[in-house]
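Asker: The following block contains the structure, expressed as structure tokens.
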Amino acid sequence: MRVWIAPPLRSYTHQAHFVEARGSTLWEVLDHLETNYPGIRFRMIDEQDNIREHIHIFVGQNKASSLKVVVLEGQEVMIVAALSGG
């Protein structure tokens, strides 16, 4: 499947906007990304295996609330990083 990578995470993907990944759950997809792009998972997932507050992950049109979300063949995954500042 195709995964869109948020600009702040592209240093892990050698500046690629889209990468390919495999998995039937979001957990598996992110694990596959970690195998190919070491360190990227920690930027998205905390020590309790929750999606970090500033990261939003969409599977198809739906925002994922956990890593247990099923990813169907052909669905696109989009990883978005929220902006903050003052």
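Asker: In region 58-86, what residues are under 14 Å from E28 (Cα atoms), surrounded by 18 or more Cβ atoms within 10 Å (Cβ to Cβ) and either under 11 Å from the mean Cα position of the chain (by Cα) or at pLDDT below 95 (or both)?
Answerer: V59, A64, L67, V77, listed by residue number.
Asker: Please determine, by comparing only the residues of region 5-52 that are free of Cβ contacts under 8 Å to residues at least 12 places away in the same chain, acidic (D, E) and exposed (fewer than 13 other Cβ atoms within 10 Å of the Cβ), which one is farthest from I79 (Cα to Cα).
Answerer: E47
Asker: In region 66-78, what count of residues is obtained for those that are part of a loop (DSSP other than H, G, I, E, B) and closer than 20 Å to F42 by Cβ?
Answerer: The total comes to 4.
The values are calculated or read from the model by the stated rules, or taken from the named source; none is laboratory data. Please read these numbers as outputs of a predicted model, since none were measured by experiment. Don't worry about glycine lacking a Cβ; one is built from the backbone with ideal geometry, like all the others, and counts go over all protein chains shown.
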